[in-house]
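What follows is a set of notes on a single structure, which appears directly below.
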Amino acid sequence: MVVPLRSFHDFTRDELSALVASWNFSPVHAARLWSYVYNDGVRRWADMPEVPARLCGRLEAEISLALPPVTAEAHSTDGFTRKYLLALGDGRRIETVLMRFTGRVTACISSQAGCAMGCVFCATGQMGFARHLTPGEIVAQVMHIDGVLRKSDRDAPQAKSVRTSPPARHERLRNIVLMGMGEPLHNYEAVMRAVDILRDQNGPAIGAKHITLSTVGVIPGIVRLADEARPIQLAVSLHAATQAERAALVPVAQRWPLDALMDACRYYVGKQQRRIFFEWTLIAGRNDTTEQAHAVGRLLRGLQAQVNLIPLNPTRNYDGAPTDHGTARRFQEILTGYGLPSTVRQRRGIDIAAGCGQLATAR
Ligand code: SF4
């Protein structure tokens, strides 16, 4: 039986040092390996001249630098969004999205293949749960996006002519959102390990405040995140301000009801002294009425919070429609009346099925 190689991207820097030391090589080489991969984007052991050949040989035999291959790719016509379908080792497919809006480069990554949460309007929820991703599979998505950005940088002739030094990579990919396929807090250990690797100052060095984790309301995960010293941003997908309406859109609300969710959110804000983002998918005639806007205003009043209003991305198995711009603005004005900051997100990448799970479903 062929034993699959371990992924480099599963290792923290300390673990890599320990591994290299256990092979009787200096930890200095571990630091070099880390830098070659995460700072220079090198993807082959043979392309690391400062690493001893004997160590490269051992790595070649035991540790994989491979990234999941792209099996489908779609670019939005507005040029802002690129979506990739990546094939995992067991044949499962996950989605990773590169977004370039208003000078911000963001990777939207998946935490699971499929999802067990079953939100009725979500293509990933409609496909069901397959498995958790490993930390390496989560980090590898970011490295895939990093590779895309490096390649577009190399391919841009005008950038080459004006550049006097290598591009500063962290000025390129600065934001990560865990809003792709899956519920990140349902895969807590792997996600947090990936977050720690991505935050490593000698590696990807993504600032904690530039990493946003979106949950549908997994209360034990919110409480655990509140208790741990990992200052990433938290977004809670709310979608409804009453228990009955929320449970109809988000079935896990039956397990973790709205009242208990709000208690967990208040606990998080108190413990972390950081605001929570609340995501609200606007569905025409369903949760975009003035009554709903007042209900959410009352629910969140006084909490350190921001509401992100996102018109629905239509999916094949849900017949809801997105809220129009005027109604979204009126909803927002009501929230403002309650002192709640909010944004209305533009729907981007509709032509490439940018909502999570839509490209995977189409394939
Ligand atoms: S919206 Fe998120 S939590 Fe809900 S089913 Fe889709 S991927 Fe899962």
Say the dipole of the chain comes from +1 at the beta carbon of Lys and Arg and -1 at that of Asp and Glu; which of Ala31, Ala194, Leu173 then lies farthest toward its positive end? Leu173
Note on the stretch 13-111: contact order normalised by length, alpha-carbon pairs under 8 Å, 6 or more apart, percent, works out to 13 percent
With Cα atoms, 0 to 90° folded angle of helix 27-38 axis to the chain main axis: 50 degrees
Given the options Ser76, Gln233, Tyr318, identify the residue whose Cα lies farthest towards the positive end of the charge dipole of the chain (+1 on Cβ of Lys, Arg; -1 on Cβ of Asp, Glu). Ser76
Along the Cα-to-C-beta direction of Asp319, a point sits 7 Å from the Cα; which residues of the stretch 120-136 have their amide N less than 17 Å from that point? 120-122
Normalising by the residue count of the stretch 6-64, find the relative contact order in percent from Cα pairs under 8 Å and 6+ residues apart. 37 percent
Which whole-Hz couplings ³J(HN,Hα) result when phi for each residue of the stretch 81-98 is put into the Karplus expression 6.51 cos²θ - 1.76 cosθ + 1.60, θ = phi - 60°, listed in order with x for Gly and Pro? 10, 10, 10, 10, 9, 10, 9, 7, x, 8, x, 5, 10, 10, 10, 9, 10, 9
Tell me, in nm to one decimal, what length is gained between Gln306 and Asp200 on full extension, where the rule is 0.36 nm per residue of separation less the Cα-Cα distance? 35.4 nm
Under a Gaussian network model of the chain whose springs join Cα atoms within less than 10 Å, the largest fluctuation of Cys119, Cys56, Cys265 belongs to Cys56
Per residue of the stretch 16-25, in order, report the coupling 6.51 cos²θ - 1.76 cosθ + 1.60 (Karplus, θ = phi - 60°) as ³J(HN,Hα) in whole Hz, putting x for Gly and Pro. 5, 4, 5, 5, 5, 5, 5, 8, 6, 10
Have a look at Gln243, Gln292, Gln346 and tell me which one the Gaussian network model of the chain (Cα, springs below 10 Å) gives the largest fluctuation. Gln346
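Does the stretch 6-64 come out rounded, prolate or oblate, given a ≥ b ≥ c as the square roots of the eigenvalues of its C-alpha gyration tensor, rounded meaning a/c under 1.5 and, failing that, prolate meaning a/b above b/c?
rounded
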Tally Lys/Arg at +1 and Asp/Glu at -1 over every other residue whose Cβ is under 13 Å from the Cβ of Phe129; what's the total? +1
Counting only DSSP beta bridges with both residues in the chain, what percent are antiparallel, rounded to the nearest 5? 45 percent
Quick check on the stretch 212-363: of the DSSP beta bridges with both residues there, what percent are antiparallel, nearest 5%? 10 percent
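For the pair Thr290 and Ala72, what calculated FRET efficiency results from E = 1/(1 + (r/R0)^6), where r is the Cβ-Cβ distance and R0 = 45 Å, to the nearest 0.05?
Given R0 = 45 Å and the Cβ-Cβ separation, E is 0.65.
Counting only C-alpha contacts under 8 Å and six or more residues apart, can you give the relative contact order of the stretch 70-362 as a whole percent?
Values: 571 pairs, mean separation 56.2, N = 293.
Answer for the stretch 70-362 is 19 percent.
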Pick from Arg154, Arg199, Arg13: which residue has the top mean-square fluctuation in a GNM of the chain where Cα pairs under 10 Å get a spring? Arg154
Distance in nm between label sites at Leu5 and Asp227, each 7 Å beyond Cα in the beta-carbon direction? 3.9 nm
Could you state the angle between the C-alpha long axis of helix 258-272 and the longest principal axis of the C-alpha atoms of the chain, as a value from 0 to 90 degrees rounded to the nearest 10? 50 degrees
So if I place +1 on the C-beta of Lys and Arg and -1 on the C-beta of Asp and Glu, and nothing else carries charge, what would the dipole magnitude of the chain be about its Cα centre? I want it in debye, nearest 20. 580 debye
At a Cα cut-off below 19 Å, give the aspartates and glutamates reachable from Lys271, other chains included and same-chain residues fewer than 8 away excluded. Asp227, Glu228, Asp259, Asp263
Rounded if a/c under 1.5, otherwise prolate or oblate - the chain, Cα gyration tensor axes: prolate
Give me the angle, in degrees from 0 to 90, between the Cα long axis of helix 188-199 and the longest principal axis of the Cα atoms of the chain, rounded to the nearest 10. 60 degrees
So, over other residues within a Cβ distance under 14 Å of Asp90, counting Lys, Arg +1 and Asp, Glu -1, the net charge is +2
If the chain between Ala248 and Ala31 were fully extended at 0.36 nm per residue, the gain over the current Cα-Cα distance would be 73.1 nm
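Calculated from DSSP H runs of 4 or more alone, at -39500 (n - 2.57) each and per residue, what is the 222 nm mean residue ellipticity of the chain, nearest 500?
When only DSSP H runs of four or more count, the value is -11000 deg cm²/dmol.
Throughout, read-outs are computed from the coordinates displayed, never taken from laboratory work. Fair warning: this is a prediction, and the values are worked out from it, not measured in the lab. All Cβ positions, glycine included, derive from the backbone under ideal geometry; neighbour counts span all protein chains shown.
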